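Here's the structure we're looking at; comments come further down.
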Amino acid sequence: MKYGRYTFTCLVKDEAILPPYKGSTLRGIFGHALKKVVCALKKLNCADCLLADRCIYPTVFEIPAKREETTGRRRIAHPPHPYVIEPPPDNKTSYLEGDKLDFSLILFGAACDNLAYFIYAFEQIGSNGIGKRIDGKGGTFSLQEVCSQGDVVYGRSDRKICKPSKTPEITGAMFSEETGAGPFSIEVELVTPLRLKYQNGLKADLPFDVLTRAMLRRISSLFEYHGECEPALDYRGLVARAKNVAVKESHIGWYDWRRYSNRQEQAMMMGGMVGKIIYENVPGEYLPLLRFCELAHLGKQTTFGLGRIQVQTSNT
């Protein structure tokens, strides 16, 4: 599966008022901007459009669920989108002319080949404005540069888009690394709110088997829809063995934030877990799962940048 992480460097052109967590704002306007950029038949729904199978927009935002050949059921009810937007890490809300507004875009699979359209969409967003309207207009910004692994793939001076020197590939072989190592003491930091639903609810509690289920769900769905196929992992065995991993320390709390949904025309609470948790005596077979989710996020609403984790290990 192709994987690309692109850092967007922007400069604010006039005053902008943004929410403390900007992932929802960037995600919402990204969808509208991309559709304006690529859609040839503006008034049609994608489902009714004859060009849908050749258009970029449905492959990013309206992915149909696959059905099992034997039962006809959808094994994955909601296919994962092939992107994650990582907003600025601070809670800054007021921006003045000349302030920086940087964020990252992570792409999976074939979406990496359409980077030029995504860059152009964000360039248009900057011209149209974002955030709270001041004198009838959102705050505008100029896209200065897009970089990937040290390569400048877009620069404002010449407005040319270059392919990165290399696009990393994540393969199933990644999950066979370090399987015999350990055990480890592992600290997992929930950098952005992690939303996991288990036992019919959202809780500020993260047993290792619950984390493992979430990691395997993220891995299997991304590889099924945006890679070649699911990795050959012992899914049931990994979950069963994860129940033997104990929590040494937990400093996890619940963080609530509000976003406005244009589609549902209402404000929504989008809480999740934040903080740090330490697990002890973790077998090495779980490290590749954690490393992958450091790259790809996990849980619900990853496109907003939720579910970002950082992992530190030490020998026990």
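The values are calculated or read from the model by the stated rules, or taken from the named source; none is laboratory data. Everything numeric here is computed off the predicted structure, so don't read it as measured data. Here the Cβ positions follow ideal geometry from the backbone for every residue, glycine too, while neighbour counts run over all protein chains shown.
Between a first residue in the range 239-251 that is in a helix (DSSP H, G or I) and a second residue that is among the β-branched types (Val, Ile, Thr) and surrounded by 14 or more Cβ atoms within 10 Å (Cβ to Cβ), which pairs have beta carbons less than 6 Å apart while being 6 or more apart in sequence or on different chains?
Matching pairs, first to second residue: Val239/Thr212; Ala242/Thr212.
Assuming Ala77 fulfils every condition listed in (1) within 21 Å of Ser221 (Cα to Cα); (2) in contact with a Phe, Trp or Tyr (Cβ under 9 Å, 6 or more places away or on another chain); (3) in a loop (DSSP other than H, G, I, E, B) apart from one, which condition is it?
Condition not satisfied by Ala77: (2).
Say whether the condition of being touching a helix residue (DSSP H, G or I) at 6+ places or on another chain (Cβ under 8 Å), at pLDDT 90 or above and in a loop (DSSP other than H, G, I, E, B) is met by at least one residue in the range 265-275. It would help to see each step written out before you state the result.
The initial filter retains those residues of the range 265-275 that are touching a helix residue (DSSP H, G or I) at 6+ places or on another chain (Cβ under 8 Å), namely 270.
Next, from what is left, pick out any that are at pLDDT 90 or above: none.
Checked the range 265-275: no residue is touching a helix residue (DSSP H, G or I) at 6+ places or on another chain (Cβ under 8 Å), at pLDDT 90 or above and in a loop (DSSP other than H, G, I, E, B).
Let me confirm something: among Gly155, Gly98, Gly182, Gly109, which residue is in the same structural domain as Gly237 (by TED's automatic domain parsing) and more than 19 Å from Thr25 (Cβ to Cβ)? Reasoning before the result, please.
On the way: Gly155 fails: in the same structural domain as Gly237 (by TED's automatic domain parsing); Gly98 fails: in the same structural domain as Gly237 (by TED's automatic domain parsing); Gly109 fails: in the same structural domain as Gly237 (by TED's automatic domain parsing).
Going through Gly155, Gly98, Gly182, Gly109 in turn, just one is in the same structural domain as Gly237 (by TED's automatic domain parsing) and more than 19 Å from Thr25 (Cβ to Cβ): Gly182.
Being out of contact with any helix residue (DSSP H, G or I) (no Cβ under 7 Å at 6 or more places or on another chain) and closer than 17 Å to Phe304 by Cα is the filter here, so list the residues in the range 73-91 that pass it. Walk me through how you get there before you give the answer.
Residues of the range 73-91 that are out of contact with any helix residue (DSSP H, G or I) (no Cβ under 7 Å at 6 or more places or on another chain), as a first pass: 73-75, 77-78, 86, 88-91.
Within the range 73-91, His78, Glu86, Pro88, Pro89, Asp90, Asn91 meet the criteria.
Rundown of residues vs (1) within 27 Å of Leu289 (Cβ to Cβ); (2) part of a strand (DSSP E or B), yes/no style:
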site	(1), (2)
Gln144	no, yes
Val152	no, yes
Ala173	yes, no
Ser185	yes, yes
Ala204	yes, no
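Going residue by residue through the range 168-175, is there one that turns out to be surrounded by 15 or more Cβ atoms within 10 Å (Cβ to Cβ) and of a type in the set (Ser, Thr, Tyr)?
No: zero hits.
How many residues does the range 207-228 contain that are more than 20 Å from the chain's Cα centre (by Cα) and not in a helix (DSSP H, G or I)? Step through it out loud before you land on a result.
Start the filter on the range 207-228 by keeping residues that are more than 20 Å from the chain's Cα centre (by Cα), which leaves 207-209.
Narrowing the set further to residues that are not in a helix (DSSP H, G or I) leaves 207.
Here the count works out to 1.
Given the criteria out of contact with any strand residue (DSSP E or B) (no Cβ under 6 Å at 6 or more places or on another chain), at pLDDT 90 or above and not in a helix (DSSP H, G or I), does Pro64 qualify?
Values: out of contact with any strand residue (DSSP E or B) (no Cβ under 6 Å at 6 or more places or on another chain): yes; at pLDDT 90 or above: no; not in a helix (DSSP H, G or I): yes.
So Pro64 does not fit the description; no.
Scan the range 229-238 for residues that are among the hydrophobic types (A, V, I, L, M, F, W, C) and not in a loop (DSSP other than H, G, I, E, B) and jot them down.
From the range 229-238, those among the hydrophobic types (A, V, I, L, M, F, W, C) are 229, 232-233, 238; that's our starting set.
Scanning the range 229-238 gives a single hit, Leu238.
Can you find a residue that is under 17 Å from the mean Cα position of the chain (by Cα), at negative phi and outside any loop (DSSP other than H, G, I, E, B) anywhere in the range 9-23?
Taking the range 9-23 first, the residues under 17 Å from the mean Cα position of the chain (by Cα) are 21-23.
Filter again for at negative phi, leaving 21-23.
Restricting the remaining residues to those that are outside any loop (DSSP other than H, G, I, E, B) gives 23.
Taking every residue of the range 9-23 in turn, at least one turns out to be under 17 Å from the mean Cα position of the chain (by Cα), at negative phi and outside any loop (DSSP other than H, G, I, E, B).
Can you give me the number of residues within the range 143-167 that are over 30 Å from Leu222 (Cα atoms) and either at pLDDT below 85 or surrounded by fewer than 14 Cβ atoms within 10 Å (Cβ to Cβ) (or both)?
In the first step, residues of the range 143-167 are kept if they are over 30 Å from Leu222 (Cα atoms); the result is 144, 155-160.
Subsequent filtering for residues that are either at pLDDT below 85 or surrounded by fewer than 14 Cβ atoms within 10 Å (Cβ to Cβ) (or both) retains 157-160.
Residues in the range 143-167 being over 30 Å from Leu222 (Cα atoms) and either at pLDDT below 85 or surrounded by fewer than 14 Cβ atoms within 10 Å (Cβ to Cβ) (or both): 4 in total.
Just give me the residues in the range 1-30 being among the small types (Gly, Ala, Ser), at pLDDT 90 or above and either within 14 Å of Asn128 (Cα to Cα) or surrounded by fewer than 17 Cβ atoms within 10 Å (Cβ to Cβ) (or both), in sequence order.
Filtering the range 1-30 down to residues among the small types (Gly, Ala, Ser) leaves 4, 16, 23-24, 28.
In the following step, the residues that additionally are at pLDDT 90 or above were identified as 4, 16, 23.
Across the range 1-30, the qualifying residue is only Ala16.
Step by step: first the residues of the range 27-66, then only those that are in contact (Cβ under 8 Å) with a residue 60 or more places away in the chain and small (Gly, Ala, Ser), then the one that is farthest from Glu123 (Cα to Cα). Which residue is that? Outline the logic, then answer.
Residues of the range 27-66 in contact (Cβ under 8 Å) with a residue 60 or more places away in the chain: 27-30, 33-34, 36-38, 56, 63, 66.
Going one step further and asking which of them are small (Gly, Ala, Ser), we end up with 28, 33.
On the way: Gly28: 15, Ala33: 9 Å.
That would be Gly28.
Just for the range 226-260: of the residues that are under 30 Å from Pro20 (Cα atoms) and at pLDDT 90 or above, which one is surrounded by the fewest Cβ atoms within 10 Å (Cβ to Cβ)?
Initially, the range 226-260 is screened for residues under 30 Å from Pro20 (Cα atoms), giving 249-260.
Filter once more, keeping what is at pLDDT 90 or above: 249-253.
Working: Glu249: 12, Ser250: 15, His251: 12, Ile252: 19, Gly253: 10.
Checked the range 226-260; the qualifying residue surrounded by the fewest Cβ atoms within 10 Å (Cβ to Cβ) is Gly253.
Take Ser185 and tell me if it is within 25 Å of Thr316 (Cα to Cα) and touching a Ser or Thr at 6+ places or on another chain (Cβ under 7 Å).
Working: within 25 Å of Thr316 (Cα to Cα): yes; touching a Ser or Thr at 6+ places or on another chain (Cβ under 7 Å): yes.
Yes, satisfied.
Among the residues that make up the range 122-136, is at least one of them part of a strand (DSSP E or B) and out of contact with any Leu (no Cβ under 9 Å at 6 or more places or on another chain)? Steps first, answer last, please.
Narrowing the range 122-136 to residues part of a strand (DSSP E or B): 130-134.
Adding the requirement that they be out of contact with any Leu (no Cβ under 9 Å at 6 or more places or on another chain) leaves 133-134.
Scanning the range 122-136, I find at least one residue that is part of a strand (DSSP E or B) and out of contact with any Leu (no Cβ under 9 Å at 6 or more places or on another chain), so the answer is yes.
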